[in-house]
1. List the pairs whose first member sits in the range 508-522 and is at positive phi and hydroxyl-bearing (Ser, Thr, Tyr), whose second member is open to solvent by less than 80 Å² (accessible area, probe 1.4 Å) and at pLDDT below 75, and whose Cβ atoms are under 6 Å apart, counting only residues at least 6 apart or on separate chains?
2. Looking only at the range 137-187, filter to residues that are of a type in the set (Asp, Glu) and in contact with a Leu (Cβ under 8 Å, 6 or more places away or on another chain); which one of those is surrounded by the fewest Cβ atoms within 10 Å (Cβ to Cβ)?
3. Having 1 or more residues that are under 25 Å from the mean Cα position of the chain (by Cα) and surrounded by 24 or more Cβ atoms within 10 Å (Cβ to Cβ) is the bar; report the strands (runs of 3 or more DSSP E) wholly within the range 499-565 that clear it.
4. Would you check which residues across the range 429-483 are farther than 26 Å from LEU226 by Cα and of a type in the set (A, V, I, L, M, F, W, C) and list them?
5. Suppose we filter the range 99-116 for residues that are part of a helix (DSSP H, G or I) and within 41 Å of the chain's Cα centre (by Cα); how many remain?
6. Starting from the range 138-158, take each residue that is among the charged types (D, E, K, R) and list its partners that are in a loop (DSSP other than H, G, I, E, B) and modelled with pLDDT of 85 or more, counting only C-beta distances under 8 angstrom and pairs at least six apart or across chains.
7. Pairs, please: C-beta under 7 Å, at least 6 apart or cross-chain, first residue more than 12 Å from ALA428 (Cβ to Cβ) and in the range 383-398, second part of a helix (DSSP H, G or I) and not hydrophobic (A, V, I, L, M, F, W, C)?
Amino acid sequence: MAYSVKSKISVKRKMRTVLFISFLILILLIFRLGFIQLIQGRKLSEMEYEQLTLDRNVNPKRGVIYDSTGKYVLAISSTVQTITVNPTNIKNEDKEKVAKKLADLFELDYEKVLKKVSKRSSIETVARKVDKDKTNELRNWMQENEIITGINIDEDTKRYYPNNNFASQVIGFCGSDNQGLDGVEARFENELAGNKGKIKRSTDATGKEIGEEGEKYISAMDGNSLILSIDYNIQSIIEKYLEEACIDNKCTDGGNIVAMNPKTGDILGMATYPSYNLNEPYSPYTEELKQQWDTLEKGEKNKKLQAVWRNRAIADTYEPGSTFKTITASAALEEHVTDTDNQGEFCCTGGIEVAGVRIKCWRYYRPHGPESLRQALMNSCNPVFIGLGQKLGVHKYYNYLQRFGLLEKTGVDLPGEAGSIFLKEEKAGPVELATISFGQRFEITPIQLVTAVSSIANGGNLIKPRIVKQIIDSQTGEKRDVKVDIKKQSISKETSKKVLSIMESVVAEGTGKNAKVAGYRIGGKTGTSEDGVNTNKYVTSFLGVAPIEDPQVVLLVTLYNPTGEGRSPRWTELQHQLEGKCFRKFYRIWKLAKEILMRLKKLKLLMFQTWLE
């Protein structure tokens, strides 16, 4: 009897234990089900959809890039094909045959293609950017061999640049995936790229297609087009003459030219030499490089390519030299420290002493003697501008650097812009202020100088440089203007007129007289500086404004280390200013500016009617 009672108790305990465990398992299952349904539901649903569908991308056409007139196409996308395979949809007995045909037709490695065809995956890319004649051949082969599924031929796009080297450092180029990698192509990627489309097709659990009825096509949306500020004719002219100048003067480090409309900030032309072919950006770009290319290490090749891709007008800084005296003159006139034609106000004795250091004039051996501000700029006399800097003082001078936008980037819509290199205001002493006043011992970019001088040319408005004028909507064709951005006032209109008048005298009678063009009123300033410290390399430049009565273009020509007939002369020990006799040796630079302006006149590109005799 006692045994029976104990047995019943034992059974009950077992039942309770089983019920408890069952209840616990049920609770865990409910929690797990809830986690799967509520937490992981969306993700698992997407994974299921991906398993049961086969998606192939349809690439959009990138937007077209036009010059400022809208007549010349600078970049366009052409239709090509992309070849992909669905390995699970190719019969085992056909895999080797398919791999061999694809490898032979598209000049690929057979083993690599066979590996892709044999993979247990839904889709593999075999070849991109394939011309239509080859895909037509593939279609015929597939028909002859009765291979209906497993090989996909989809439309793709390939970027093409009709003018090869034209404005290469400005436009930039695209990678194999059609993504912009440099220049305008990279900066305006969001506008140009468009949105991808898709081809969706239902598949079974093994990845095989379920008929044709499940296929769905989602169209790609093409990218928007751009109208640049670059004028095709002006760009062609400056590229031609820049190349000639660099070759004639044997400029070991190349050169660049920037032409800007001072009223709008439009960059009418921007060229860097040497340039490269946008259709072959990874190829050697000079005959010399072509001969040694195969012997170079990969790192050395990349270094050479990076150097030529670089837009030096915005990415490299340099000492502007005497062209910067236009900024010092503007600040002094604006502060009423001096006026343009106070005869004998200054006197050049061959040098000036600053904080115990005597800084010589470039013509120290035959001093200029009594001068007005106009004559000082015409003669490019350093002591006068050092004196003006002293009268302004460090704080006020740096205030004008700020007003001219020289202590910040211009904000031009191109990638890789560098900033200026100045000593901090609190660290600038008398000697540093003296050297800054005539354009030495600091560095700015060519685009910064052109932007600053454009504010002098347009009456005092500092305007952000503009490389894109309009954006064209790919769907509606509507044109959206990129606004002219006036950042601040640098100087007054009255000061602007005075500085332009002095710059005209520099070309009419001063150091820039070789830039004269009959029938035009042109202003300008010459400049030469050392390229780095103790490098024995020099930068020579010419800054031009025309026409003086109503400026339409500011032009900066910069040549890096000319070593030919116009090679740099000996420099003075303290200031490295060009000796007067050697201005004549750089006549090719002034001739270059002259020829460009004469071409502008003949072509009437900028409607300089008031310039004509």
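The values are calculated or read from the model by the stated rules, or taken from the named source; none is laboratory data. These numbers come from a predicted model, not from an experiment. Using ideal geometry, Cβ is built from the backbone for each residue, glycine included, and neighbour counts are taken over all protein chains shown. Please note that ligands, DNA and RNA were not included when accessible areas were found on the heavy atoms of the full protein model with its side chains. Shrake-Rupley method; radii C 1.70, N 1.55, O 1.52, S 1.80 Å.
1. none
2. Among those residues, the one meeting the criterion is GLU137.
3. It comes to 538-546, 553-560.
4. Matches in the range 429-483: VAL431, LEU433, ALA434, ILE436, PHE438, PHE442, ILE444, LEU449, ALA452, VAL453, ILE456, ALA457.
5. 10
6. The qualifying pairs are LYS158/ASN178.
7. Hits for this filter: PHE385/LYS325; PHE385/THR328; PHE385/SER437; ILE386/SER437; LEU388/THR328; LEU388/SER437.
Condition check ((1) touching a Gly at 6+ places or on another chain (Cβ under 7 Å); (2) of a type outside the set (Lys, Arg)) across all residues:
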residue	(1), (2)
LEU433	yes, yes
LYS464	yes, no
LYS469	no, no
LYS498	no, no
